[in-house]
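Inspection log for the structure reproduced underneath, given as structure tokens.
The values are calculated or read from the model by the stated rules, or taken from the named source; none is laboratory data. A quick note: this is a predicted structure, and the numbers were derived from the prediction, not measured. Reconstructed Cβ throughout: ideal geometry from the backbone, glycine too, with neighbour counts over all protein chains shown.
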Amino acid sequence: MGGFFGVASRDDCSTDLFFGTDYHSHLGTRRGGMIVHNGKEFVRRIHDISNAQFRPKFQDDLDKMGGRIGIGVISDYEDQPVTFHSHLGTFAIVSVGAVKNSAELVKKLTADRSAHFTELADHDINQTELIAALINQEDDFVSGIARMQEEIVGSCSLLLLTDKGIYAARDKYGRTPVVLGQKDGAYCATFESCAMPNLDYKPLRELGPGEVVFITPDGVEQVKAPGKKMRICTFLWVYFGFPSSCYEGVNAEEFRYRCGACLARKDNVEVDMVGGVPDSGTGCSIGYADEAKVPFGRPFVKYTPTWPRSFMPPNQSMRDLVARMKLLPIEQLIRGKRLLFCEDSIVRGTQLQDTVNRVYACGAKEFHMRPGCPPLMFGCKYLNFSRSKGLKELAGRKAMMALQGDIETDLDAYVDATSDKHAAMVDWIKRSLNLTSLKYLEIGDLTSLVGIPQENLCTYCWTGRE
């Protein structure tokens with residue numbers, strides 16, 4: 001996925017930039033980067049964070065990165081920030097999102113032999129480099145950003161650093177957030193609002209879909225008005241948003257409590273304890289336990305000194321190893337118990353399968369599962385939040401293949417929570433994972449619990465509807 005933080009300050013910005021960027025570490029595991037303009041030149045640092053966290057990799061760079069304006073990024077794919085010398089001047093850029101039509105855009109940009117792109121290890125190109133090339137086709141940054149927003153299929157929010165200030169742009173349909181903050185003598189722009197409080201920034205507002213602003217130490221100027229259509233990703237609240245962050249005024253942790261309470265109100269199972277699969281299932285399980293008046297416990301704990309909350313590595317075997325090694329069962333809380341676990345979602349089910357087996361090995365009598373969203377049925381067309389190689393990896397599609405031999409027929413029926421086919425799919429997933437019972441949160445409940453108009457939410461990964 002990825003996340004970014006930018007700051008324009010009347011004083012040195014490097015400390016705010018360092019910690020503000022670090023507060024996005026849960027959004028990516030491959031690359032981290034920062035760049036500042038020190039009044040004379042750009043100073044940039046990029047490090048591999050796949051085997052170590054952001055802070056230890058960058059703390060020795062701080063004394064070399066003094067400046068009043070800077071941007072930082074946690075990237076789950078490509079090296080960022082990218083710096084360019086162009087007819088618009090020298091600038092640096094970081095981005096979050098996914099360009100789904102990159103091959104078409106590269107072909108178009110290279111047709112006149114004036115552009116070329118770096119190939120990454122997986123034979124793709126650097127998405128941020130492509131975005132910058134699109135911006136560079138116009139006579140000014142604002143027109144270039146507007147062109148980029150129109151030409152890409154997918155989404156792109158960005159921070160663009162010049163020697164004068166920072167352009168902050170939210171993607172065309174607002175699928176990812178960009179939040180503005182202010183404190184005495186400084187302004188910031190951030191993906192996660194949780195990056196602001198400990199740095200003493202107060203939230204100003206969120207950018208609207210497609211909106212662009214220019215940030216300097218003296219203030220924030222709107223340079224492109226927002227559009228009217230918004231489709232913010234609902235999975236922000238379900239999973240990858242940090243608990244203390246808010247999106248469109250709705251706090252992620254509070255939302256997860258409401259999801260758990262809703263699951264409990266529609267349930268009649270008798271259990272001895274409710275727990276959450278750490279960490280993303282914790283909020284939902286607290287809400288469930290509170291509503292159901294059942295004790296909340298932690299039958300599994302995460303070894304947080306070396307396994308912080310983060311997305312998993314790209315390699316499946318390493319993902320499975322990490323999922324196992326970071327979670328420690330507490331047999332004394334498990335043996336002889338009827339346990340109900342909440343989780344943010346079931347994607348493939350591979351990691352959950354191991355958790356189920358370990359709980360039974362510790363002597364559990366029952367294992368009930370309550371995901372905080374409906375079955376995931378479609379690969380995201382707009383963001384890079386899932387590492388699934390294809391639809392066939394999704395638990396719901398595996399059930400369809402087992403039940404009818406293909407994954408494309410009667411999709412609407414499988415999505416419809418009131419249909420017999422949906423019930424058969426859920427039952428197959430339950431049996432394949434050796435669960436005592438399995439009940440999902442329904443899509444209507446999910447969208448109503450967010451609390452903003454449903455037409456402003458993207459639910460494509462569950463419904464297939466744009």
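Within segment 215-223, is even one residue acidic (Asp, Glu) and more than 26 Å from the chain's Cα centre (by Cα)?
Looking for residues that are acidic (Asp, Glu) and more than 26 Å from the chain's Cα centre (by Cα), one finds at least one in segment 215-223, hence yes.
Among the residues of segment 327-353, write down those that are surrounded by 15 or more Cβ atoms within 10 Å (Cβ to Cβ) and of a type in the set (Asp, Glu).
Glu343, Asp344
Assess whether Lys164 counts as being more than 20 Å from the chain's Cα centre (by Cα) and either modelled with pLDDT under 95 or assigned to a loop (DSSP other than H, G, I, E, B) (or both).
Yes.
Can you name every residue in segment 365-421 that is under 30 Å from Gly336 (Cα atoms) and of a type in the set (A, V, I, L, M)?
Met369, Ala395
Within segment 206-231, which residues are outside any loop (DSSP other than H, G, I, E, B) and either at positive phi or not assigned by TED's automatic domain parsing to the domain that holds Ser157 (or both)?
Hit for segment 206-231 is Gly219, nothing else.
For Ala121, all conditions in the list (1) surrounded by fewer than 19 Cβ atoms within 10 Å (Cβ to Cβ); (2) at pLDDT 90 or above hold save one; what is the number of the exception?
Only one criterion in (1) surrounded by fewer than 19 Cβ atoms within 10 Å (Cβ to Cβ); (2) at pLDDT 90 or above is unmet by Ala121, namely (2).
Can you name the residue in segment 196-217 that is within 24 Å of Arg231 (Cβ to Cβ) and touching a helix residue (DSSP H, G or I) at 6+ places or on another chain (Cβ under 8 Å) and is also surrounded by the fewest Cβ atoms within 10 Å (Cβ to Cβ) among such residues?
Among residues in segment 196-217 that are within 24 Å of Arg231 (Cβ to Cβ) and touching a helix residue (DSSP H, G or I) at 6+ places or on another chain (Cβ under 8 Å), the one surrounded by the fewest Cβ atoms within 10 Å (Cβ to Cβ) is Pro203.
Condition test on Glu270, is it modelled with pLDDT of 95 or more and in the same structural domain as Arg370 (by TED's automatic domain parsing)?
For Glu270, the condition - modelled with pLDDT of 95 or more and in the same structural domain as Arg370 (by TED's automatic domain parsing) - is met.
Could you grab the pairs with beta carbons closer than 7 Å, sequence gap of 6+ or different chains, first residue in segment 245-273 and on the phi > 0 side of the Ramachandran plot, second one outside any loop (DSSP other than H, G, I, E, B) and of a type outside the set (A, V, I, L, M, F, W, C)?
Filtered contacts from segment 245-273: Glu248/Glu206.
Taking Arg30 and the conditions (1) over 24 Å from Leu180 (Cα atoms); (2) surrounded by fewer than 17 Cβ atoms within 10 Å (Cβ to Cβ); (3) touching a residue at least 40 places away in the same chain (Cβ under 8 Å), which numbered condition does it fall short on, given that it satisfies the others?
In the conditions (1) over 24 Å from Leu180 (Cα atoms); (2) surrounded by fewer than 17 Cβ atoms within 10 Å (Cβ to Cβ); (3) touching a residue at least 40 places away in the same chain (Cβ under 8 Å), Arg30 misses (2) alone.
Collect the residues in segment 389-439 that are of a type in the set (Ser, Thr, Tyr), touching a His at 6+ places or on another chain (Cβ under 8 Å) and more than 25 Å from Arg358 (Cα to Cα), keeping them in residue-number order.
Residue satisfying the conditions is Tyr414 alone.
Residue under question is Ser95, and the condition is that it be under 19 Å from the mean Cα position of the chain (by Cα), of a type in the set (Gly, Ala, Ser), part of a loop (DSSP other than H, G, I, E, B) and in the same structural domain as Met196 (by TED's automatic domain parsing); does it hold?
Spelling it out, it is not the case that Ser95 is under 19 Å from the mean Cα position of the chain (by Cα), of a type in the set (Gly, Ala, Ser), part of a loop (DSSP other than H, G, I, E, B) and in the same structural domain as Met196 (by TED's automatic domain parsing).
Identify all residues within segment 264-283 that are outside any loop (DSSP other than H, G, I, E, B) and more than 19 Å from Leu352 (Cα to Cα); write none if there are none.
Ala264, Arg265 - these are the residues of segment 264-283 that are outside any loop (DSSP other than H, G, I, E, B) and more than 19 Å from Leu352 (Cα to Cα).
So Ser143 ticks every box in (1) under 25 Å from Tyr23 (Cα atoms); (2) out of contact with any helix residue (DSSP H, G or I) (no Cβ under 6 Å at 6 or more places or on another chain); (3) of a type in the set (Ser, Thr, Tyr) but one. Which box is left unticked?
So Ser143 meets the others, but not (1).
Say whether the condition of being in a helix (DSSP H, G or I), in contact (Cβ under 8 Å) with a residue 12 or more places away in the chain, crowded, with 19+ Cβ neighbours inside 10 Å and touching a helix residue (DSSP H, G or I) at 6+ places or on another chain (Cβ under 9 Å) is met by at least one residue in segment 405-414.
yes
I'd like to verify a number: residues in segment 304-359 that are at pLDDT below 75, assigned to a loop (DSSP other than H, G, I, E, B) and either under 20 Å from Gly372 (Cβ atoms) or among the β-branched types (Val, Ile, Thr) (or both), how many?
Residues in segment 304-359 being at pLDDT below 75, assigned to a loop (DSSP other than H, G, I, E, B) and either under 20 Å from Gly372 (Cβ atoms) or among the β-branched types (Val, Ile, Thr) (or both): 6 in total.
Is one or more of the residues making up segment 98-112 in contact with a Lys or Arg (Cβ under 8 Å, 6 or more places away or on another chain) and either within 22 Å of His37 (Cβ to Cβ) or in a loop (DSSP other than H, G, I, E, B) (or both)?
Checking segment 98-112: at least one residue is in contact with a Lys or Arg (Cβ under 8 Å, 6 or more places away or on another chain) and either within 22 Å of His37 (Cβ to Cβ) or in a loop (DSSP other than H, G, I, E, B) (or both).
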